[in-house]
Structure formats: C-alpha cells, structure tokens
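*Asks:* What follows is a structure written as structure tokens; I'll ask about it next.
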Amino acid sequence: MKEFLIREALVPNMVAATKEEAVRELVGALHAAGYFTAEGVPAVVKEIMRREGLGSTGIGRGVAIPHSRFDGLPKLVGALGLSRAGVPFQSIDGHDVHLIFLLVSRPDQPGPHLHLLETIVRVSESDEFLAAMRACETQDQMWELIQTTPDPWAQDEQ
Amino acid sequence: MTPAGSPAVEDGLPITESRAVRVPVVLRNPLGLHMRPAAAFAKAAGKFLADVKVFKGTRTANGKSFTNLLMLAAGPGTELILQVDGPDAEDAVRALADLLGSPSPDGVDGVGH
C-alpha cells in the first residue's frame, strides 16, 4: 500500500458530496501531485466513471476502490480520500463510503493492481485500521498510518 | 435405533449425500481475477445451493464472496482449484469453471455488470 499511495494525494477532508465529485477530487489530487496533465484529468475521471457504471466498486464497510487503467504512467498510483459526511456510492452493503481508494494502473501490469486490491480488501476487514484511518485529520497522520500498516500479501509471500 | 424397512442413515451425516467436486482451472482472464470477474463469479456462484470454494495454493476463498475472491490476488494464468459441494454441484462446477476459464472480463455471458 505504501508503495502505491501517493503522499501528496492523501485527502483528509474531502468536500465531495457525490461519487463523481469524489472521483474528480481524488484525480485532481493525483494531478496536483504531478501525475496527470490538466488535459488528462477529464479523460481519467470519465474512464473511472464509465467503470463505475459497470458495477459499483463500493466493497462495503464504508470503503470504495474506484479505478481505471491508463497508458503512460510510470507505475500504479493511488489516492486516498476521507469523507466525514460519507459519499453515496451504491456500495454492496448500501452504506455511504468514508474511505475512497482511487487507483490508476498501467494496462500492462495486472500484478500490482491485483495485489493492491487484495491489500485494500484485507485492511478493510480490520475494524482497527478503519477506525484509525477515519480518525486521521491530516495528510501526515494518514501517511504515518499507511507506513505502519503492513502489506499483508508481502508478508504472505516472503 | 433404525426402524426396520427404512433407509439407513450414517451416524451424524445429513440425509443429502455429499457431492463435492474438485476441478483444476487455469484462470484465463488476461488481467487476472480483478474486481469485475470476481464480482461476476461470486454472483454466479450465489445462484447455486452448493458451497463454492476456490483455492490458490494454500489460500482458500469463499466463491460466493467477491471480496474473498479478491484476496486471492490471482493473476492471469494462475492454476486454481474449484471445489463445489452440494446437491447442484455438477451444474455449478460446469458453469463456474467456464467463468474462470473465460478470457472476457465478465465471463461468458456478461453477468456481473
């Protein structure tokens, strides 16, 4: 997780009230961190929303993983946003989401994408992790928690 | 004590006999078992009465849970074992093995959209 989430794209207090606003906000955070050109942002947002149209990426427990693939990235990159109010996401459990992991991966590298999905699903099963992340109020606190959270798959395959 | 003339039932076993079927399947999706194929598989598995398990090496996932399946992090070409146990196991194993063996993101018939 710490390899792929971009520190400057951690958003402790999202302002978005809808799914599309949330996607825009987090793609914007990746752009601000240097990952897309201003012209590239709308295309990334559109592709992520198209993917959401095929089925929500809200996995339950207040977590969603909107994502898409995009040519030209050096590696898989992710943003993480915290929404205090919650964002409607058509999640499988019907609840609004509070943690939004937005991933943009390279089309030719399925492995990192699969491992990061696994990691996010695993940490999302931890009440302790979810509570600790939701309690973060600053980017630094979020980054610190990400640094100290082991990647379960990495341990598993050592 | 079993009354004379009625079918014998083994100690402690349910009357429905176990029909576990295990088959090896190579994952053909070129992007691996990512979210959409995992969701499509779980949805298809959920239509059967049988228990569905998917093994990747020593790891096991409940085939009816898409988040469980995502935790396998199964890449393209991974050899999986599909284990189905229940009264409709034979139909289930056929349909579900086809899904894992299908290169299309959502399986053979587009379920899971």
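*Asks:* Open to solvent by less than 70 Å² (accessible area, probe 1.4 Å), within 24 Å of residue A:135 (Cα to Cα) and of a type outside the set (Ser, Thr, Tyr), is that true of residue A:54?
*Replies:* no
*Asks:* Within the stretch B:20-113, which strands (runs of 3 or more DSSP E) (wholly inside it) include 1 or more residues that are within 13 Å of chain A (Cβ to nearest Cβ) and not polar (S, T, N, Q)?
*Replies:* Passing ranges, in order: B:51-56, B:59-62.
*Asks:* Identify all residues within the stretch A:1-19 that are of a type outside the set (A, V, I, L, M) and farther than 17 Å from residue A:31 by Cα; write none if there are none.
*Replies:* Passing the criteria: A:2, A:3, A:13, A:18, A:19.
*Asks:* I'd like the full set of residues that are modelled with pLDDT of 95 or more, in a loop (DSSP other than H, G, I, E, B) and surrounded by 15 or more Cβ atoms within 10 Å (Cβ to Cβ), limited to the stretch A:10-35.
*Replies:* Hits for the stretch A:10-35 are A:12, A:14, A:16, A:33.
*Asks:* Out of A:120, A:92, report the one residue that is at pLDDT below 95 and of a type in the set (Val, Ile, Thr).
*Replies:* Residue meeting the stated conditions: A:92.
*Asks:* Out of A:92, A:65, A:100, which single residue is surrounded by 15 or more Cβ atoms within 10 Å (Cβ to Cβ), of a type in the set (Val, Ile, Thr) and free of Cβ contacts under 8 Å to residues at least 40 places away in the same chain?
*Replies:* Being surrounded by 15 or more Cβ atoms within 10 Å (Cβ to Cβ), of a type in the set (Val, Ile, Thr) and free of Cβ contacts under 8 Å to residues at least 40 places away in the same chain holds for just one of A:92, A:65, A:100, which is A:92.
The values are calculated or read from the model by the stated rules, or taken from the named source; none is laboratory data. As the structure is a prediction and not an experimental result, all values here were calculated from the model. Glycine gets a Cβ as well: all are built from the backbone with ideal geometry, and neighbour counts include every protein chain shown. Surface areas here come from the heavy atoms of the whole protein model, side chains and all, with no ligands, DNA or RNA. Shrake-Rupley method; radii C 1.70, N 1.55, O 1.52, S 1.80 Å.
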